[in-house]
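Here's the structure we're looking at; comments come further down.
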Number of protein chains: 2
Amino acid sequence: MSISSSSSAFLAPPHTSSRQEYVRLQAKSIGVYRCIARPEEEKTGYKTKVSRNANLSKLQAGYLFPEVARKKAAHLLKYPDAHVISLGIGDTTEPIPEVITSAMVKRTYGLSTLEGYSGYGPGQGEMPLRAAIASTFYRDLGIEEDDIFVSDGAKCDISRLQVVFGSNVTMAVQDPSYPAYVDSSVIMGQTGKFQKDVERYENIEYMRCSPENSFFPDLSTVARTDIIFFCSPNNPTGASATRDQLTQLVQFAKKNGSIIVFDSAYAMYMSDDNPRSIFEIVGAKEVAIETASFSKYAGFTGVRLGWTVVPKELLFSDGFSVARDFNRIVCTCFNGASNISQAGGFACLSPEGLEAMHEVVSFYKENTDIIVKTFTSLGFNVYGGKNAPYVWVHFPGRSSWDVFGEILEKTHVVTTPGSGFGPGGEGFIRVSAFGHRGNILEACKRFKQLYN
Amino acid sequence: MSISSSSSAFLAPPHTSSRQEYVRLQAKSIGVYRCIARPEEEKTGYKTKVSRNANLSKLQAGYLFPEVARKKAAHLLKYPDAHVISLGIGDTTEPIPEVITSAMVKRTYGLSTLEGYSGYGPGQGEMPLRAAIASTFYRDLGIEEDDIFVSDGAKCDISRLQVVFGSNVTMAVQDPSYPAYVDSSVIMGQTGKFQKDVERYENIEYMRCSPENSFFPDLSTVARTDIIFFCSPNNPTGASATRDQLTQLVQFAKKNGSIIVFDSAYAMYMSDDNPRSIFEIVGAKEVAIETASFSKYAGFTGVRLGWTVVPKELLFSDGFSVARDFNRIVCTCFNGASNISQAGGFACLSPEGLEAMHEVVSFYKENTDIIVKTFTSLGFNVYGGKNAPYVWVHFPGRSSWDVFGEILEKTHVVTTPGSGFGPGGEGFIRVSAFGHRGNILEACKRFKQLYN
């Protein structure tokens, strides 16, 4: 059993011998992580005559998770002896099951032999892996192996999709939502400026998802856009859309001629009987792309492996195939995921690999239960958790960053401020269930001390 | 000794039992590889109302190397029993030295333990690897560890750099050059349409590099652009720029306020005493970015690992740091190279790893010599080879694609047509030295039969 059980010690902070070095590195990372310069930091040396990309100057803050990491690092500098627990960034903590690493080891050893060596693979991924993804996750849904594009992760694919779409499309996002959708849209020049008063970018349709609408937008009030990003089970709210809701969404897209980019990175975390894939909905192949990942199923956040499904049936207004343009971007801007990672992905989809992934997912789901029960017992309104490894806790009337700061300062636990996911996340905190069991229990003990 | 020696058998085509399957897969890949639809392929089913990205419709052909692969696949279908030798795409063939795979194996096993597990790493790469790259390749050049951004390969970084630059910059490329520079520029909307008569895109400055100017452009005739892509040792011509030439280039960029993107992916192949890095030139840190790769040194074409150097001294016209914008793109559009690949890269830079990489490079350089001698003995004007794993053979007055087709049809050897690298490559063929020794010898024997 490679997963830390509830009886295992939680991961202690580094021992004293390496502590100074650890704090030094954390401090160093502050500089690395800060993504936006302050005006006074503008340099005074030689300047080229190349204008800065105006789209990048629209970005209002560093990408959320590096910002959270920066605040964590600053906290470590302030409290060098604190045992800081990170339930912020959503980073997996449990070892990768051996059935999966063994396959990667075998492939790696093979690379040192004439028979086992391979160089460039197809940019779209190795065909046996594409076929295994199709048959494991899309059996009977009419998705074929050549509709699957293997990648180094869903976040990277989202950017590649944005490059396909270009700067002249309009887009909608759930509010709150995973920040890569909005940020990549800003970078590609699809948006106007950031409007400080409403905390939104011009030219993006924000689909509010709140407890009032059970986290599914009222589509009758949503304007038509070219692209609709939709994540279910949702990061950060943990909400999972029902079959009926997804049917509405597909019909809405079809009526408007929109393309849905459906992010199903947490599908294996679902307890409810809602669709795991948008392609379970009739007609979705004509209006939807789906992106997914091994990161949260097999602990592949560092190994890097994901995939995107672009059905042949999906066409631009001139009849040109979206898959063909995505293929061109994959051919030109990417060179395929690491062949070792792909060997790991293939092992994930064997019967033993699937069982091992389910075990990993179950472990994190137990963590989720513990966190949900803790905040519920403290009288908070708590959402998510049942179908996703994220717990969405409401602090009505308070600023998310204030609550984030309060929790960090008083409990040394890193969470993620809801407003980092969009204005609709204001007043919420996302608590990630990715952690060693001991750390989850310790964090919950501290939450109880703070909020009892 | 893991590298195939001259006495080893060349890699035979698959045996008869798997032959049919092999041909079937090759045939299938024809569909996969073709990146541009023909008009008659436009679909007639439901169409979304999303307009196709106009920049993508400017692309004139599939990305070069998939196109070459497609022609190879078609040839295999036509001659199912031929022993086809691929000296086209520049794909490494020799096993990865064990000192490097051992480190990857160790890291992979560690991922199955509590102590050895790691999730998300910094998007910029693990600091020990960044430090090792800085001290191995840029010692005494004033490049520091935090100037190094580790990536999944130089090609991927080129696209990320283009996303940083955006659509409002102008660019120059060597002609001929590695096609990813031009294609990524077209994709980002930096260019006008393709002009069929001159085989060039509008709004790109093509810097002709030919035997007449010793493959270094006459900068007095080159218009100012924001960005200058420059590859040395060059792919495809194999030419390596001298210290004096690179000093001219840096001065040219400085005068014009341009940014050089210097591609040094073949630096370890140099025999001459020319600079291995643009940062050997005084003042380059204020005007240059450098991108590089482990692919051709350690056989990492499938493992995926490269890096890009963006010095702190490089500033946009408003004084904003280019590194800071590149960091933001890396944070938002990428999640770091695979941690296993990074462990391999770190091993590459140990004393034993460096020695092993030099051995790999030496092997391919011996191949290069064999190819150069063959074509020279046949009376061709032959360029490159001395400082790069590519041999650039002149067929004056002939079409590159015709020569490519002639060689493939009559010798079953895949090369790359020079015109695929730009109009300045017309009349040339690039022969890659990446191959098992037996295959190189066999290909050269066939070249002699054809052209004697």
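The values are calculated or read from the model by the stated rules, or taken from the named source; none is laboratory data. Computed from a predicted model, the values in this text were never measured in an experiment. No Cβ is skipped: glycine too gets one built from the backbone with ideal geometry, and neighbour counts run over all protein chains shown. We work out accessible area using only protein heavy atoms, side chains counted, and drop any ligands, DNA or RNA first. Shrake-Rupley method; radii C 1.70, N 1.55, O 1.52, S 1.80 Å.
Candidates are the residues of segment A:315-327 that are touching a residue at least 40 places away in the same chain (Cβ under 8 Å) and at the interface with chain B (Cβ under 7 Å from one of its Cβ atoms); the one that is most open to solvent (accessible area, probe 1.4 Å) is A:S317. Within segment A:106-150, the set of residues being among the hydrophobic types (A, V, I, L, M, F, W, C) and within 30 Å of B:A356 (Cβ to Cβ) comprises A:L111, A:L114, A:L129, A:V150. Counting the residues of segment B:274-304 that are more than 10 Å from chain A (Cβ to nearest Cβ), over 21 Å from B:N387 (Cα atoms) and in a loop (DSSP other than H, G, I, E, B) gives 1. When the residues of segment A:180-222 are filtered to those that are at pLDDT 95 or above and on the phi > 0 side of the Ramachandran plot, the one that is nearest to the other protein chains (Cβ to nearest Cβ) is A:G189. Taking segment B:168-254 as the region of interest, the strands (runs of 3 or more DSSP E) fully inside it that hold 3 or more residues being open to solvent by less than 10 Å² (accessible area, probe 1.4 Å) and touching a Phe, Trp or Tyr at 6+ places or on another chain (Cβ under 7 Å) are B:171-175, B:227-231.
When the criteria are applied in full, A:L349 fails the requirement of being surrounded by fewer than 18 Cβ atoms within 10 Å (Cβ to Cβ) and either touching a Cys at 6+ places or on another chain (Cβ under 6 Å) or more than 30 Å from A:F428 (Cα to Cα) (or both). Filtered by the rule that a residue be within 8 Å of chain B (Cβ to nearest Cβ) and in a loop (DSSP other than H, G, I, E, B), segment A:83-105 gives A:I89, A:D91, A:T92, A:T93, A:E94, A:P95, A:I96, A:P97. Evaluated against (1) more than 7 Å from chain A (Cβ to nearest Cβ); (2) at pLDDT 95 or above, B:A69 falls short on exactly one condition, (2).
Scanning segment A:378-407 for residues that are farther than 27 Å from A:N274 by Cβ and out of contact with any strand residue (DSSP E or B) (no Cβ under 6 Å at 6 or more places or on another chain) returns A:L378, A:G379, A:F395, A:P396, A:G397, A:R398, A:S399, A:D402, A:G405, A:E406. Of everything in segment A:305-314 that is open to solvent by less than 10 Å² (accessible area, probe 1.4 Å) and in a loop (DSSP other than H, G, I, E, B), the residue that is farthest from A:I259 (Cα to Cα) is A:L305.
Within segment B:147-158, can you find the residues that are among the acidic types (D, E) and more than 8 Å from chain A (Cβ to nearest Cβ)? Once the filter is applied, which keeps residues that are among the acidic types (D, E) and more than 8 Å from chain A (Cβ to nearest Cβ), segment B:147-158 yields B:D147, B:D157. The listed residues are A:S400, A:S341, and the only one of them that is open to solvent by less than 30 Å² (accessible area, probe 1.4 Å) and free of Cβ contacts under 8 Å to residues at least 60 places away in the same chain turns out to be A:S400. Within the option set A:L111, A:L141, being over 24 Å from A:T332 (Cα atoms), at the interface with another protein chain (Cβ under 8 Å from one of its Cβ atoms) and in contact (Cβ under 8 Å) with a residue 40 or more places away in the chain holds for one residue only, A:L111. Taking the criterion of being at pLDDT below 95 and touching a Pro at 6+ places or on another chain (Cβ under 8 Å), would at least one residue in segment A:317-331 satisfy it? Among the residues of segment A:317-331, at least one is at pLDDT below 95 and touching a Pro at 6+ places or on another chain (Cβ under 8 Å), which makes the answer yes. Does A:G422 count as under 20 Å from the mean Cα position of the chain (by Cα) and either in contact (Cβ under 8 Å) with a residue 60 or more places away in the chain or in the same structural domain as A:E212 (by TED's automatic domain parsing) (or both)? Against the criterion (under 20 Å from the mean Cα position of the chain (by Cα) and either in contact (Cβ under 8 Å) with a residue 60 or more places away in the chain or in the same structural domain as A:E212 (by TED's automatic domain parsing) (or both)), A:G422 qualifies.
For B:L161, the conditions (1) at the interface with another protein chain (Cβ under 10 Å from one of its Cβ atoms); (2) open to solvent by less than 10 Å² (accessible area, probe 1.4 Å); (3) not in a loop (DSSP other than H, G, I, E, B) all hold with the exception of (1). Take the conditions buried (at least 24 other Cβ atoms within 10 Å of the Cβ) and outside the structural domain of A:S232 (by TED's automatic domain parsing) and apply them to A:A388. Does it pass? Here the answer is yes, as A:A388 does meet what is asked. Filtering A:N234, A:N213 for residues that are polar (S, T, N, Q) and within 21 Å of the chain's Cα centre (by Cα) leaves a single hit, A:N234. Within segment A:428-445, at least one residue is free of Cβ contacts under 8 Å to residues at least 40 places away in the same chain, over 14 Å from A:P176 (Cβ atoms) and open to solvent by 20 Å² or more (accessible area, probe 1.4 Å).
Does segment A:223-234 include one or more residues that are within 14 Å of chain B (Cβ to nearest Cβ), among the charged types (D, E, K, R) and under 20 Å from A:G90 (Cα atoms)? Scanning segment A:223-234, I find no residue that is within 14 Å of chain B (Cβ to nearest Cβ), among the charged types (D, E, K, R) and under 20 Å from A:G90 (Cα atoms), so the answer is no. Within segment B:350-383, the residues that satisfy the criterion of being touching a residue at least 24 places away in the same chain (Cβ under 8 Å) and hydroxyl-bearing (S, T, Y) are B:S350, B:Y364, B:T368, B:T374, B:S377, B:Y383. Being open to solvent by 20 Å² or more (accessible area, probe 1.4 Å) and part of a loop (DSSP other than H, G, I, E, B) is the filter here; which residues of segment A:403-427 pass it? A:H412, A:E426 - these are the residues of segment A:403-427 that are open to solvent by 20 Å² or more (accessible area, probe 1.4 Å) and part of a loop (DSSP other than H, G, I, E, B). Given the structure, is B:L56 open to solvent by less than 20 Å² (accessible area, probe 1.4 Å), in contact with a Gly (Cβ under 9 Å, 6 or more places away or on another chain), outside the structural domain of B:L408 (by TED's automatic domain parsing) and at pLDDT 95 or above? When the stated conditions are applied, B:L56 does not pass them. The single condition among (1) open to solvent by less than 30 Å² (accessible area, probe 1.4 Å); (2) in contact (Cβ under 8 Å) with a residue 40 or more places away in the chain that B:F395 does not satisfy is (2).
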